[in-house]
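The values are calculated or read from the model by the stated rules, or taken from the named source; none is laboratory data. Computed from a predicted model, the values in this text were never measured in an experiment. For neighbour counting, all protein chains shown are included, and Cβ atoms are generated from backbone atoms with ideal geometry for every residue, glycine included. Ligands, DNA and RNA are excluded from the accessible area calculation, which covers all protein heavy atoms including side chains. Shrake-Rupley method; radii C 1.70, N 1.55, O 1.52, S 1.80 Å.
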Amino acid sequence: MSVSLDQESIDYIAITRLQAAYADMITRRAWDELPSIFCEGARIVVDRMDGTPLDLDGPAGLAAFVSKAIGHMDFFEFVILNTVIEIGDGEAHGRMYMCEIRHDAKAGQTMSYGLYRDHYRKQDGRWKFRDRRYRVMGRTQTTDYNIFPMAAADFAIGGQEATR
């Protein structure tokens, strides 16, 4: 069943609002708000490109991981750079490119660039994250710059399982 252009436009706006809410919650370190934007049992995978990807335990696991990672920073901002979304009937998939702008007293300013591959589900009239897969694409360490090349699987959308 295809979605009408009007409904697709409404859903696109709702999903981009969901992404913006996520970025806002992470920037504000509002960990207790995260469960409101995830489906029950959501799978969250984080690949820092330094070994085996982490399989986090839903929004609580995500909150614990991110709060530990950025807890020492005196400035942190999550910025959405671009997003691509394919919408179906009650389900959607997308890619979201982002940047973290960070500062702490020891390391100075650093930045990290990443890619989220998302699966969304509409529940009770609201879009939520069903599954999220994140991987770092590059990061600065003061004057050094580490780049992690993209693989074809990073561009997969939909039910395609990505591999490195």
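Annotation: for a label point projected 7 angstrom from Cα along Cα→Cβ of residue 13, residues of the range 119-133 with backbone N closer than 16 Å are 126-127. Taking a ≥ b ≥ c as the square roots of the eigenvalues of the Cα gyration tensor of the range 11-80, is the shape rounded (a/c under 1.5), prolate (a/b larger than b/c) or oblate? Judged from the Cα gyration tensor, the range 11-80 comes out oblate (a/c at least 1.5, b/c at or above a/b). Subtract the Cα-Cα distance of residue 36 and residue 69 from 0.36 nm times their separation in residues, and report this length gain in nm to one decimal. That works out to 9.7 nm of additional length.
Relative to the longest principal axis of the Cα atoms of the chain, helix 5-28 runs at roughly 30 degrees. Computed from label points 7 Å out along Cα-Cβ, the spacing between residue 103 and residue 124 is 4.0 nm.
Taken about its Cα centre, the chain carries a charge dipole of roughly 320 debye when the Cβ of each Lys and Arg holds +1 and the Cβ of each Asp and Glu holds -1. Between the residues 127, 71, 140, the greatest Cα displacement towards the positive end of the dipole of the range 62-147, with unit charges on the Cβ of Lys, Arg, Asp and Glu, is found for 127. Using the 1.4 Å probe convention, the accessible area of the chain works out to 54 Å² per residue with neighbouring protein chains retained.
First check a/c for the chain, with a ≥ b ≥ c the square roots of the eigenvalues of its C-alpha gyration tensor; if it is under 1.5, answer rounded, and if not, answer prolate when a/b is larger than b/c or oblate otherwise. Prolate, since a/c reaches 1.5 and a/b exceeds b/c. Give the angle, between 0 and 90 degrees and rounded to the nearest 10, that separates the Cα long axis of helix 58-70 from the longest principal axis of the Cα atoms of the chain. Taking the Cα atoms of the chain, the angle to 58-70 is about 30 degrees.
Counting protein heavy atoms only, the chain has 52 percent of its accessible area on carbon and sulfur, 1.4 angstrom probe.
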